[in-house]
1. Name the one entry in B:126, B:96 that is of a type in the set (Phe, Trp, Tyr), under 20 Å from residue A:187 (Cα atoms) and away from every other protein chain (no Cβ under 11 Å).
2. Looking at (1) open to solvent by 10 Å² or more (accessible area, probe 1.4 Å); (2) touching a residue at least 40 places away in the same chain (Cβ under 8 Å); (3) closer than 23 Å to residue B:220 by Cα; (4) polar (S, T, N, Q), which one does residue B:26 not meet, given that it meets all the others?
3. At least 1 residues that are within 12 Å of another protein chain (Cβ to nearest Cβ) in each: list the strands (runs of 3 or more DSSP E) lying fully within the stretch B:159-229 that qualify.
4. When residues of the stretch B:61-74 are filtered for being on the phi < 0 side of the Ramachandran plot and in a loop (DSSP other than H, G, I, E, B), how many remain?
5. Do the conditions hold for residue A:134, that is, is it open to solvent by 70 Å² or more (accessible area, probe 1.4 Å) and either hydroxyl-bearing (Ser, Thr, Tyr) or over 19 Å from residue A:169 (Cα atoms) (or both)?
6. Within the stretch A:125-136, is even one residue part of a helix (DSSP H, G or I), over 30 Å from residue A:188 (Cα atoms) and of a type in the set (S, T, N, Q)?
7. Can you tell me how many residues within the stretch A:156-181 are under 30 Å from residue A:127 (Cα atoms) and in a helix (DSSP H, G or I)?
8. Residues in the stretch B:58-67: is at least one open to solvent by 50 Å² or more (accessible area, probe 1.4 Å), under 18 Å from the mean Cα position of the chain (by Cα) and not acidic (Asp, Glu)?
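The values are calculated or read from the model by the stated rules, or taken from the named source; none is laboratory data. Quick caveat, the model's predicted, so the values are computed rather than measured. Because the Cβ atoms are built from the backbone with ideal geometry, glycine has one as well, and the counts that use them run over all protein chains shown. Accessible surface areas use protein heavy atoms only, side chains included; no ligands, DNA or RNA. Shrake-Rupley method; radii C 1.70, N 1.55, O 1.52, S 1.80 Å.
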Amino acid sequence: MLTSDAAHRSAVLAAPAPPVTPIGTRLIRLAIAALCVVVLVYSWHEAEMNPAQLLRDAGNMATLGADFLRPDFSEWEVYALNMIETLAIAIWGTLLAVIVGIPFGILSADNVVPRFVAFPIRRVMDACRAINELVFALIFIAAVGLGPFAGVLALWIHTTGVIAKLFSEAVEAIDPAPVEGIRGTGGTWLQEIVYGVLPQVLPLWISYALYRFESNVRSATVLGIVGGGGIGMTFNETMRGFLYSQASAILIIVILTVSALDMISQNIRKRFI
Amino acid sequence: MAAALELDRVSKTYGSMRAVEDVSLTIAPGERVALIGASGSGKSTLIRMASGLALADAGAGPARVTSFGVAVQEGGRLARDVRKARRQIGLVFQQFALVGRLSVLTNVAVGALGRMGRLRGTLGLFNEDERRTALAALAEVGISAHVAKKARELSGGQQQRVAIARALVQGARLVLADEPIASLDPKSAKRVMDTLVTMSRDHGIALVVSLHQVDYATLYFDRVVAMNAGRIVFDGPSAKITPAFLTELYGASAEELILPSQFSVPASADAADAPKSQTVS
């Protein structure tokens with residue numbers, strides 16, 4: 001249905017006037033926009049961004065790309081052994097973290113220990129978690145020297161912080177009734193944990209531990225680059241020696257291994273949840 | 001002989017809500033008592049204090065709870081011997097409180113924890129004798145067919161009887177049941193009440209059962225304790241409990257206690273013992 005011109009005009013006039021943004025607000029917005037521009041321009045210079053370099057070094061990029069497309073598996077036994085070393089680092093880093101993380105996880109759960117126990121332990125675990133495993137690796141390399149053991153220690157400390165947090169959250173989410181059932185029989189605190197808490201959290205714990213193992217395999221690869229042993233170390237050496245075809249082969253092995261592990265552990269985890 | 005349960009002037013406040021106010025109560029050995037009252041009248045809090053799962057407020061009276069002469073709590077603190085006291089008190093909760101993932105047998109065997117060495121108990125190394133005791137208790141409550149199942153696979157009524165078996169293994173001399181039939185259908189509810197009362201009679205176990213509705217109280221118990229707003233308003237023979245008397249005690253809120261008679265609910269009872277699809281524990 002058409003409306004007449006006059007009706008339309010009166011409708012427009014009757015409508016409330018659009019709100020006017022006050023001048024102060026507009027100035028503030030302008031200042032924020034200007035600030036953003038300044039930050040962007042400054043960090044461009046600070047980061048030495050230089051797109052021209054990509055073009056000027058196009059020859060290098062081409063060599064690198066071409067070599068990566070021709071992976072060289074001639075020394076695959078070495079890579080495989082190194083990959084196994086990386087897995088070994090991840091396995092022990094995770095296992096030690098789980099062993100230590102279980103008591104710390106329980107002792108930082110508010111519903112099973114008094115707050116004055118949980119609070120300090122939680123802060124210690126926060127500290128373990130706050131520092132990246134790479135930083136721990138550098139510290140332990142200084143302490144025990146280059147090699148896989150430093151990698152294990154680095155993963156252990158960082159993962160303990162993560163595991164304790166995940167485990168304690170699982171404990172805090174349990175149904176309290178079964179625990180009271182055990183308490184009611186005259187059981188000790190430890191027996192309440194063993195019979196009332198553990199059966200409830202075990203499936204989640206297993207799932208979390210496997211998940212952390214997956215991500216620790218990825219982390220262990222990176223740890224090698226700073227000297228923490230394993231395949232990362234070899235990768236770093238090939239890159240420094242401009243052996244891009246070999247580096248490519250190493251990357252492929254890492255990708256295949258990590259994907260395979262992810263799939264396996266996902267399957268196991270599904271069974272427990 | 002010391003009383004099976006003695007509450008000496010206990011009170012409990014949650015925030016600004018007075019759940020239990022200055023209650024004293026004595027239960028003789030072997031005695032069976034129904035604890036009735038509308039929801040929120042303080043029944044659960046009273047039972048939780050009796051077993052030391054909740055602490056009474058300090059300062060209001062001696063706030064003392066003892067069971068067969070062993071202190072559970074006093075003056076707002078758990079007694080040193082609370083675990084000794086708890087060993088002789090069996091608990092049955094409304095929400096079953098079994099460990100759903102553990103087998104029925106283990107759930108019952110943990111009743112023996114109090115008598116076992118600490119390390120053996122913590123590691124779950126139950127010996128032949130303890131296992132036999134558990135099986136005998138399960139046979140007594142009629143759950144023999146399901147010993148190897150996980151507790152959560154059982155129906156609500158079955159889980160409740162498993163909890164009773166646990167109290168038997170415990171060698172409890174007093175059983176406190178907090179609304180044991182509130183989430184059960186009529187047929188299962190009757191079976192659980194029969195099991196409780198039979199257990200009490202056969203073993204001379206004192207029994208305190210809190211009930212939301214009155215008809216079971218008058219049917220199964222000689223003595224009834226009625227609570228309202230945190231206080232005991234009646235303690236006497238169940239014969240005195242009539243609808244008229246309840247209305248006199250509770251006024252308008254008596255309706256909640258009298259109305260939905262579980263006995264008159266038509267039989268959906270076939271489903272009574274079928275495993276529940278939803279787990280509660």
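1. Values: B:96 fails: away from every other protein chain (no Cβ under 11 Å).
Result of the check over B:126, B:96: B:126.
2. Residue B:26 satisfies every listed condition except (2).
3. Per the criteria, B:174-178.
4. 1
5. Criteria not met by residue A:134.
6. no
7. 18
8. no
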